[in-house]
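The structure that follows is given in the form of structure tokens.
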Amino acid sequence: MTVIDSIKAAFGSSSTTDSTSTSTATPTPHPEGHAPAHPTHKDANAVPETPVLPDQPVFDPKKVKVIFVLGGPGAGKGTQCERLVADYGFKHLSAGDLLREERNRPGSTYGELITEYIKEGKIVPQEVTIKLLENAMSSTLASPPSNEVWSNGQGRFLIDGFPRKMDQAFKFDASVVKSSFVLFFATTEAILLERLLERGKTSGRDDDNKESIVKRFRTFEETSMPVVDYYRKSGKVVEIDSSPAIDVVYEKVKVEMDQRLGSTTTFTSTDVNATSDVGSNAQPAAQANQGAYTLAPAV
Ligand SMILES: Nc1ncnc2c1ncn2[C@@H]1O[C@H](COP(=O)(O)OP(=O)(O)O)[C@@H](O)[C@H]1O
Ligand SMILES: O=c1ccn([C@@H]2O[C@H](COP(=O)(O)OP(=O)(O)O)[C@@H](O)[C@H]2O)c(=O)[nH]1
């Protein structure tokens with residue numbers, strides 16, 4: 001059994017194909033006696049400990065607002081989030097950025113697993129992603145941005161590119177906090193492809209190439225669209241056509257946001273920086289927060 005197989009077994013995901021299923025089953029518990037409490041880099045063959053998610057929501061939904069930002073790869077989620085941070089004081093958490101940051105962290109137990117899943121356009125086992133999000137949220141609330149929407153333990157998060165699978169949606173609601181609504185950016189596959197190939201020229205991302213893009217499209221259609229449809233049935237989806245130019249899309253986004261949050265508040269540039277450090281490809285800020293948003297064992 002390879003290290004990757006061991007990790008998949010620990011997450012109840014023994015083949016690469018089952019990560020696209022919409023199963024809501026609880027992951028297989030970690031095999032007794034196989035995992036050191038905090039496996040180190042040296043434990044090349046160790047089966048890592050599965051992150052444990054709480055049974056009850058960690059955050060109070062009256063204080064902590066979460067808006068999920070969904071859409072196909074390249075739909076413009078990160079681009080629009082960046083603007084919303086500046087105008088509404090959100091903290092932007094990109095699930096993909098958090099995974100890439102964890103993958104790049106020296107000694108991460110999950111580096112190899114994350115690399116393989118991202119290259120194949122598959123969904124990383126939910127425990128890893130949800131734990132990263134929960135850690136990032138706790139850390140933000142512990143040192144909140146200095147603007148009024150973060151006073152008295154309150155906060156608002158844009159969670160970008162998550163949930164991409166039904167089990168993630170259910171588990172996040174149950175163990176982190178129930179989301180307020182979903183901002184869904186819709187456009188055609190042809191536009192997505194064009195944008196991703198263009199982004200690939202400078203992004204340095206190993207999944208912004210034709211082969212991975214096609215796989216990501218299939219995962220989006222088969223696994224992530226059912227999540228959008230699920231939220232749509234409960235009236236929680238705000239759908240925006242993201243085909244037009246960035247400014248045109250953002251004008252529509254603002255109208256929808258103002259209806260739900262009250263009109264735009266303008267924040268100082270200091271505040272903008274404080275809330276945008278986990279934006280797309282935000283490497284320097286991610287380094288400044290090293291350890292804060294990772295799965296590194298607590299010391
Ligand atoms: N409305 C738009 N029109 C043209 N290009 C866009 C638009 N929105 C985003 N882009 C560009 O498309 C690429 C993908 O956008 P991004 O925000 O990274 O997407 P996502 O986060 O959904 O993967 C980026 O290079 C971005 O600059
Ligand atoms: O909840 C998530 C979010 C992202 N990913 C992985 O990260 C990749 C990149 O996601 P990101 O949101 O950064 O990029 P996008 O595909 O939207 O451009 C995806 O294809 C998945 O492999 C994942 O496994 N779970």
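Report, by residue number, each residue of the range 178-203 that is away from ligand 1 (no atom under 11 Å from the Cβ) and of a type in the set (V, I, T).
Residues satisfying the conditions are V182, T188.
Being more than 15 Å from the chain's Cα centre (by Cα) and among the aromatic types (F, W, Y) is the filter; apply it to the range 173-200 and report the residue that is most open to solvent (accessible area, probe 1.4 Å).
Result: F181.
Could you list, in sequence order, the residues of the range 100-129 that are open to solvent by 20 Å² or more (accessible area, probe 1.4 Å) and under 11 Å from the mean Cα position of the chain (by Cα)?
Across the range 100-129, the qualifying residue is only R100.
In the range 71-111, which residues are assigned to a helix (DSSP H, G or I) and of a type in the set (A, V, I, L, M, F, W, C)?
C81, L84, V85, A86, A95, L98, L99
Here's something else I'd like to know. Restricting attention to the range 142-154, and to residues there that are in a helix (DSSP H, G or I) and buried (at least 18 other Cβ atoms within 10 Å of the Cβ), which single residue is modelled with the lowest pLDDT?
Within the range 142-154, the match that is modelled with the lowest pLDDT is V149.
Now a separate question. Counting only residues that are open to solvent by 50 Å² or more (accessible area, probe 1.4 Å) and not basic (K, R), how many does the range 155-172 have?
Of the residues in that region, 1 qualify.
Taking E239 as the residue in question, decide whether it is part of a strand (DSSP E or B) and either farther than 18 Å from I159 by Cα or open to solvent by 70 Å² or more (accessible area, probe 1.4 Å) (or both).
Spelling it out, E239 is indeed part of a strand (DSSP E or B) and either farther than 18 Å from I159 by Cα or open to solvent by 70 Å² or more (accessible area, probe 1.4 Å) (or both).
Among (1) assigned to a helix (DSSP H, G or I); (2) within 16 Å of L132 (Cβ to Cβ); (3) over 14 Å from the mean Cα position of the chain (by Cα), which single condition is P54 missing?
(1)
The values are calculated or read from the model by the stated rules, or taken from the named source; none is laboratory data. Remember, it's a predicted structure, so these values are computed and weren't measured experimentally. So basically every Cβ, Gly included, is an ideal-geometry build from the backbone, and we count neighbours across all protein chains shown. To get the accessible areas, we keep the full protein, side chains included, count just its heavy atoms, and leave off ligands, DNA and RNA. Shrake-Rupley method; radii C 1.70, N 1.55, O 1.52, S 1.80 Å.
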